Every structure is written in C-alpha cells, then in structure tokens.
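Colleague: Here it is: the structure, laid out below.
The values are calculated or read from the model by the stated rules, or taken from the named source; none is laboratory data. Predicted model, so just to flag it, every value in this text is computed and none were measured. Ideal geometry is used to build each Cβ from the backbone, glycine not excepted, and the neighbour counts take in all protein chains shown.
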Amino acid sequence: MDTEKSDEFYLRLKEELLKSNSWPADYLYKFIVPTDRDKITQIEVIFDNTGAVIESRKSSKGKYTSLSIMVNLANPDEVIEKYKEVGLVEGVISL
C-alpha cells in the first residue's frame, strides 16, 4: 500500500515540475492497482471531466492493473492534488 507522502516530497515535486515544464502542460500519471473494478473506477472518477486519456493493462496473471493517465493540467498544484486524491484509494502504487 502506498504510504502517505510528506509535504517535503510534494514541495520537491512542485519545484521540479516548475523547472521542467511550461504550464499548462500534459502530465502522465502511472499507477499500479490491484485488479478490482471498484478501485479502478475510483481512480477514473478522480479524472472524470478533465479530458484525461486513460489506458489500462492487466498484468500477465491478472492480479494487478497498470493505469497510464495523460491529462492537461494548469499548474503543478493540480498535479499534486490528483496524486493526493488517488493516494486515498487503498492499494494504489504511484510510479
């Protein structure tokens, strides 16, 4: 299970995003989640109405599903907000 990330981690991430991108920008999220329709739906709902393109792929044994989510966001704060929302879904690993 993904542990709650510290404020320091998010501050560093924000600084890196500000340096590496001009905003608004496309951002690619990658998550690994146990193959459970309810958990996958929870993540899809977080990105609902954002124009996100979501691709999913099951692992070879079908136990896990990887989600790649490309979405255009206005600023690094929006990127971090989505990471925090997805982090509330049990069993999700952010890559």
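Colleague: Being in contact (Cβ under 8 Å) with a residue 24 or more places away in the chain, over 15 Å from Thr50 (Cβ atoms) and part of a loop (DSSP other than H, G, I, E, B) is the filter here, so list the residues in the stretch 72-93 that pass it.
Modeller: The answer is Val89, Glu90, Gly91, Val92.
Colleague: Mind checking whether some residue in the stretch 43-53 is within 11 Å of the chain's Cα centre (by Cα) and charged (D, E, K, R)?
Modeller: Looking through the stretch 43-53, at least one residue is within 11 Å of the chain's Cα centre (by Cα) and charged (D, E, K, R).
Colleague: Inside the stretch 22-71, can you point out the residues that are closer than 17 Å to Glu85 by Cβ, of a type in the set (Lys, Arg) and assigned to a strand (DSSP E or B)?
Modeller: Within the stretch 22-71, just Lys30 meets the criteria.
Colleague: On to the next question. Provide a single number: the residues in the stretch 43-58 that are surrounded by 12 or more Cβ atoms within 10 Å (Cβ to Cβ) and either farther than 25 Å from Ala25 by Cα or modelled with pLDDT under 95 (or both).
Modeller: Total meeting the criteria: 1.
Colleague: Which residue pairs have Cβ atoms under 7 Å apart, sit 6 or more places apart or on different chains, and have a first residue in the stretch 54-69 that is in contact (Cβ under 8 Å) with a residue 24 or more places away in the chain and aromatic (Phe, Trp, Tyr) and a second that is in a strand (DSSP E or B) and surrounded by 11 or more Cβ atoms within 10 Å (Cβ to Cβ)?
Modeller: Tyr64/Ile32; Tyr64/Val33; Tyr64/Pro34
Colleague: Residues of the stretch 1-42 being aromatic (Phe, Trp, Tyr) and either under 17 Å from Val71 (Cα atoms) or surrounded by 14 or more Cβ atoms within 10 Å (Cβ to Cβ) (or both), which ones?
Modeller: The answer is Tyr10, Trp23, Tyr27, Tyr29, Phe31.
Colleague: Sticking with this one: Is it the case that Phe9 is part of a strand (DSSP E or B), among the aromatic types (Phe, Trp, Tyr) and out of contact with any Asp or Glu (no Cβ under 8 Å at 6 or more places or on another chain)?
Modeller: Numbers: part of a strand (DSSP E or B): no; among the aromatic types (Phe, Trp, Tyr): yes; out of contact with any Asp or Glu (no Cβ under 8 Å at 6 or more places or on another chain): yes.
So Phe9 does not fit the description; no.
Colleague: With the requirement that a residue be free of Cβ contacts under 8 Å to residues at least 60 places away in the same chain and closer than 14 Å to Glu90 by Cα, what does the stretch 24-43 give you?
Modeller: First, the residues of the stretch 24-43 that are free of Cβ contacts under 8 Å to residues at least 60 places away in the same chain: 24-28, 34-43.
Scanning the stretch 24-43 gives Pro34, Thr35, Asp36, Arg37, Asp38, Lys39, Ile40, Thr41, Gln42, Ile43.
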